[in-house]
Amino acid sequence: MTTAQNHSQGRWKDKPPPDRAWKGRAGRSRDAVAAEQDRAAGGRHRRVVDLGDGRFARASVELKLLPSTRRIRAYLRWSDQGKSPAKYLGQVEHDTRAANLSEAWERAWTKGLLIEEPQEEGSWASSRAVRASMKGNRGKDTKPELRLRALLYKEGLRYRVAVRPLPELRRTADVVFPKARVAVFVDGCYWHGCPEHHRPATVHATFWQAKIEGNRSRDAETNKALREAGWTVIRVWEHEDPTAAASRVSIAVRSRMTTSESRRVVACIEESPATSRTGSSHS
């Protein structure tokens, strides 16, 4: 018996291992659990089991404590047509759950139980890492959007998020002020062709150039349609200073609200019956 085996069998000989060595934190969301597994495996693409016949499953590592032996066992689990197969990976003995999960994933790879996620057929990404980055680009709630919204809220402005300014127009603005009729778009430097920071792709250059030009054309069409409908359109680049951008939006919104209120008051005065009677008495 090796020294490592002796050490493993005597790791927690007199007392159970601490909860942090094997138990996950209670109340975590499914996204948090998946993120933990991704980190331990070295990426989501490294958590794949080949089921055969072109079918694949996303696996997870489960840590279980055997109270009678005070040992932590690791299992690889996945789902297959309503069943939950499992493969025993061995005992782990680190002091933290993260370290034990990482070792378990390494063992799963050593045992040949996993493959890297196959590249999607027809994908234009030059590599799996590039594709993962592209998929990770959010359509809403990006960091620049969140910073801008926080500043606008702090200034006392209230708005709607990710809605169509015009219901009949299939265009979604990032921040919308319906009463003031101000639509704000926070544009990514790459996807919308920022003149300062956009760098053309070198792989599949023709495809990506057409994609960016299409986005630019769509942005111009959106601006034109909204302005013709009486809206103020503000576009903020993701690289812009959020404080300056918030000030620009605030000025536009308050200006539109003031103008709108003034017009409403004038309209009320002109339509007031009392005003009409006063006018007739002078005639």
Taking 0.36 nm per residue of separation between residue 94 and residue 35 and subtracting their Cα-Cα distance, the length gained on full extension comes to 19.2 nm
Quick calc, residue 158 & residue 217: beta-carbon distance into FRET formula, R0 41 Å, rounding 0.05, result 0.80
Would you calculate the separation in nanometres between label points at residue 106 and residue 258, each defined as 7 Å from the Cα along the Cα-to-beta-carbon direction?
-> 6.6
Please tell me the relative contact order of region 145-267 in percent, rounded to the nearest whole number, where contacts are Cα pairs under 8 Å and at least six residues apart.
-> 29
Starting from the Cα of residue 86, step 7 Å along the direction of its Cβ; do the same at residue 64; then give the gap between the two resulting points in nm.
-> 0.3
List, in the order given, every pair from 13/64; 15/64; 143/179 whose Cα-Cα distance in the structure shown is over 20 Å.
-> 143/179
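Using a Förster distance of 35 Å, how high is the FRET efficiency between residue 143 and residue 51, based on the Cβ-Cβ distance and rounded to 0.05?
Numbers: r = 38 Å, r/R0 = 1.07.
About 0.40, to the nearest 0.05.
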Note the full-extension length gain between residue 248 and residue 20 as 0.36 nm times their separation in residues minus their Cα-Cα distance, in nm to one decimal.
-> 77.2 nm
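Coordinate-derived values only; no laboratory data. Just so we're clear, the structure is a prediction, and the values are computed from it rather than from any experiment. Because the Cβ atoms are built from the backbone with ideal geometry, glycine has one as well, and the counts that use them run over all protein chains shown.
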